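Single-structure report; data block below.
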Amino acid sequence: MALERTFSIIKPDATKRNLTGAINAKFEAAGLRIVAQKRIHLTKAQAGAFYAVHAERPFYDELCEFMASAPIVAQVLEGEGAIAKNREVMGATNPADADAGTIRAEFAQSVGENSVHGSDAPETAAEEIAYFFSGLELVG
Ligand code: DAT
Ligand code: MG
């Protein structure tokens, strides 16, 4: 498997509860290297543009409000098969379905306030990284 990069967000429910370090420890224990990271507070419009793919879903407005409700930590994670590995470490979208030991099983509060985002494919990873970071900010 090839060295790969994926985009990650530590979401407002987690930053508010001071869980950034605990979540980063899970990434690092799984062999994912944090090659870029910044704490930012999105506007609702910026959150809406990031989640545009979900614009027609019934939860879209609530999702955008939530993502703009407090700071997030935007990250780029690097490792062998990083996209799939990160999805494994995150666990299922709904914490009730997430495997024991995953970030969402341990920390998520609900299907909406589920602590982390992770890219789902190489194309979305590239787009999402470019939305938040310039090439100069990626330090492998
Ligand atoms: P994931 O974040 O696991 O990739 P997704 O892309 O299907 O999941 O959805 C993006 C986010 O939208 C998800 O992390 C939380 C929110 N969401 C998804 N399904 C939801 C639902 N049924 N009710 C409320 N929020 C939901
Ligand atoms: Mg998704």
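Normalised by the number of residues in segment 1-78, what is the relative contact order in percent for Cα pairs under 8 Å and 6+ residues apart?
Result for segment 1-78 is 56 percent.
I want the local charge near residue 112. Using Cβ-Cβ distances under 13 Å, sum +1 for each Lys or Arg and -1 for each Asp or Glu among the other residues.
Cβ neighbours under 13 Å give a net charge of -2.
Excluding residues on the same chain fewer than 8 positions from residue 38, give the aspartates and glutamates whose Cα lies under 12 Å from its Cα.
137
On average over all directions, what projected area in square nanometres does segment 10-71 have, based on the convex hull of its Cα atoms?
4.8
Output the Kirkwood hydrodynamic radius of the chain, Cα pairs only, in Å rounded to one decimal.
Answer for the chain: a Kirkwood hydrodynamic radius of 15.0 Å.
Any read-out appearing in this document is the output of simple, stated calculations on the displayed coordinates, not a laboratory observation. The structure presented is a predicted model; accordingly, all values stated were derived computationally and were not measured. Cβ coordinates were reconstructed from backbone atoms using ideal geometry, including for glycine residues, and neighbour counts include every protein chain displayed.
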